[in-house]
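Below is one structure; the comments refer to it alone.
Bear in mind these aren't lab numbers, they're just calculated from the coordinates by the rules spelled out. This is a predicted model, so every value here is computed, not measured. Note that we place each Cβ from the backbone using ideal geometry, even for glycine, and neighbour counts take in every protein chain shown.
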Amino acid sequence: MDKYPKILLVLLLSCTFSCERNTGNPTNPSSTITFSNSPFSLQSVNAKFAKDIAYDNKERTQFDIWLPNSTIPTGLVIYIHGGGFTSGDKDFVYAVQSGGAWDFPMDIRFLLQNNIAFATIRYTLLSPSAETEGIKKSMSDVRRALQYIRSRAGDFNIDKNNIILAGNSAGAGTSLWIALNNDAANAQSTDPVLRESSRVKGVVARETQASYNIEDRWVNDVFADYRLTWAEILANEAGNIRKIYGISSTAQYELPAIDAYRKEVDMLSLMTSDDPEIWVNNTLRDVVNPYNPYSPDIPSHHAFHARELKKRADAVGVKNITYYGKNPVIYSHPSNETWTQFCKRKIAE
């Protein structure tokens, strides 16, 4: 992909604004910010919190942000929640998750203490019964959120060159999709938000999918060990596949447009040597056949998604910190670097 562009640092502006929800131009949501109490204790951390900042005029296009009190522009981690593109919300990070394995309040405090801001994004969900656009609709919302925050870097005291995308499950796949694509900046756009870069410093992906080109990648790469056929996967994933690609029938799936769509959401093929370093961890679930017996939570979070991302990254020369497998643990990066340590290191580079 294109190299991360050199962007002039926006001068620090005073954050003395009052907040309102966007009700006007869809390309220019409200420029106001109101700070309020954090949804969890910041303890002794010196930081501010703002809630429900609109980055577009859709029903679910808002984010919350924690900002360290800093005299210099700070790095930023943008977190994208999971939920199979059909559920979840930005408040996922307000509490400890995954049976205690993910302590978001502690992690956010760590980042803030290290002069790193933290935003949590909500985005448009897929229709459970009549989806016509597919996952690019949701992922494009998140990309716009990234560009919107960049367009207001001065207001948030953010260093545009030091942004990391992070997420779990669908949020992890979205983070990879944005980061591994070409820069979406459009210098000729009438929307100033869309003139901003979509390239980032790094990616954190937990319980991620390696690709949304399910027929090709899940059969031939991710689950090759189990010798699954497309028919076996389709028998269990038909409903998900219709939502992912925004189709309503098998006939639609066979159209050339869907062939092109599948390639556009194949993160493995998008990855090239100039892409940012990735931190990947798929260690919450046992390494078992994803469809025998079928458990709806296993196929999309399987350890072998992380394995394939590591294989591709190693092959093309993308730096990676990868962990995958549970009962057994198959691979654990020797650094034992946590995701927050990864963010701290990347932003300091």
Report summary line: Taking Cα atoms only, helix 230-245 is inclined relative to the longest principal axis of the chain by an angle, in degrees rounded to 10, of 30
Report summary line: Taking every DSSP bridge whose two residues both lie in segment 49-208, the antiparallel percent to the nearest 5 is 35
Report task. Lys and Arg at +1, Asp and Glu at -1: add these up for the other residues within a Cβ distance under 12 Å of L194 and post the number. Result -> 0
Query raised in the report: Once the Cα atoms of helix 135-151 and of the chain are each reduced to a long axis, what angle between those two axes, in degrees from 0 to 90 to the nearest 10, is obtained?
Result: 20
Query - Long-range HN-HN contacts of W279 with modeled amide H, under 5 Å - result: V203, V204, A205, I321
Query raised in the report: If contacts are Cα pairs under 8 angstrom and at least 6 residues apart, what is the relative contact order of the chain in percent?
Result: 16
Requested in this report: Grab the DSSP H runs of the chain that are 4 residues or longer, score each as -39,500 (n - 2.57), total them, divide by all residues and round the 222 nm result to the nearest 500 deg cm²/dmol.
Outcome: -8500 deg cm²/dmol
Query raised in the report: How much length, in nm to one decimal, is gained on full extension between A95 and N220, taken as 0.36 nm per residue of separation minus their Cα-Cα distance?
Result: 41.2 nm
**Report entry** Hull volume in cubic angstrom per residue (convex hull over the Cα atoms of segment 161-236)
**Finding:** 126
Requested in this report: For each pair in K201/K310; K160/K310; K90/K137; K51/K201; K201/K319, compute the distance between the two Cα atoms and list the pairs where it is over 21 Å.
Outcome: K160/K310; K51/K201
**Report entry** Principal-axis tilt of helix 104-113 within the chain, Cα atoms, nearest 10 degrees
**Finding:** 40
Report task. Treat each spin label as a single point 7 Å out from the Cα along the C-beta direction, and report the V329 to E264 distance in nm. Result -> 4.1
**Report entry** Residue-wise HN-Hα coupling along segment 328-336, computed from phi with Karplus coefficients 6.51, -1.76, 1.60 (Hz; x: Gly, Pro)
**Finding:** x, 6, 9, 9, 9, 4, x, 6, 6
Query - Taking N as its residue count, the alpha carbon Rg of the chain over 2.2 N^0.38 Å - result: 0.97
Query raised in the report: Which whole-Hz couplings ³J(HN,Hα) result when phi for each residue of segment 47-63 is put into the Karplus expression 6.51 cos²θ - 1.76 cosθ + 1.60, θ = phi - 60°, listed in order with x for Gly and Pro?
Result: 8, 10, 10, 10, 10, 6, 7, 7, 10, 7, 9, 7, 4, 10, 10, 9, 9
Query raised in the report: If you build a Gaussian network model of the chain, linking Cα atoms that sit under 10 Å apart, which residue out of A166, A313, A235 swings the most?
Result: A235
Report summary line: Here FRET efficiency (C-beta to C-beta, F40 to S295, R₀ 45 Å, nearest 0.05) is 0.90
Query raised in the report: Residue by residue through segment 177-186, which ³J(HN,Hα) values in whole Hz follow from phi under the Karplus form 6.51 cos²θ - 1.76 cosθ + 1.60 (θ = phi - 60°), with glycine and proline marked x?
Result: 4, 5, 5, 8, 7, 4, 4, 8, 4, 10
Report task. Along Cα→Cβ, 7 Å out, is where each label goes; now give me the distance between the ones at T229 and V316 in nm to one decimal. Result -> 3.2
